[in-house]
1. For the stretch 117-146, give me each residue that is more than 8 Å from the ligand (Cβ to nearest atom), in contact with a helix residue (DSSP H, G or I) (Cβ under 9 Å, 6 or more places away or on another chain) and assigned to a helix (DSSP H, G or I).
2. What helices (runs of 4 or more DSSP H), lying completely within the stretch 51-116, carry at least 3 residues that are surrounded by fewer than 21 Cβ atoms within 10 Å (Cβ to Cβ)?
Ligand code: HEC
């Protein structure tokens, strides 16, 4: 279980150790937010998105979006839209469409997989040279991002390959109890 420490108190140590600390914390956060190792996948796992308690996974066991016959999006797609707008839009532009500074994530996720995505968000990425100065920040210790990283991934995946346009996915399923519980456990409720 993740400790209920405040954000500033999480691994309050020298910057040089932070990455190592993030590497230790991340699996805890991911497991408390309901991401399960692929090993748990049954042999006869369906090829299509499978839903459980309001979350959907693809054939590899990674989180994915879902749009029902009633056109309702899953909760994570909606939540990811909100979280993207809070944390990523400033550099990556509205609706994952990119800016002059940072790439269009709605394009990146056409090919980028879940692992590479989470790794980039946790560790950040830099392309600093004489001709460019591009810095993707490290979010590994930011609970407002890490507790919702699956949601952001699912939203961007829906933008990339799920037919979600630039609109807000307002017509969506309700937040399930299990999603609420996982969120409380991850964020820590006082
Ligand atoms: C301060 C600006 C900034 C913010 C905020 C930011 N990013 Fe980035 N991001 C960048 C830049 C710049 C790059 C390109 C870095 C490079 O080319 O080395 C990047 C690259 C990425 C990549 C790799 C894309 C690719 O095609 O290789 C991913 C994934 C990503 N960001 C996800 C996110 C997510 C998710 C958020 C919000 C939680 C976020 N970023 C917030 C600036 C930002």
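Read-outs throughout are calculated quantities, based only on the coordinates presented, and are distinct from any laboratory measurement. For clarity, every value in this text was computed on a predicted model and none was experimentally measured. Every residue, glycine among them, receives a Cβ derived from its backbone with ideal geometry; neighbour counts consider all protein chains shown.
1. 118, 122, 123, 143, 144, 146
2. Details: elements: 75-87, 89-92, 105-108.
It comes to 75-87, 89-92.
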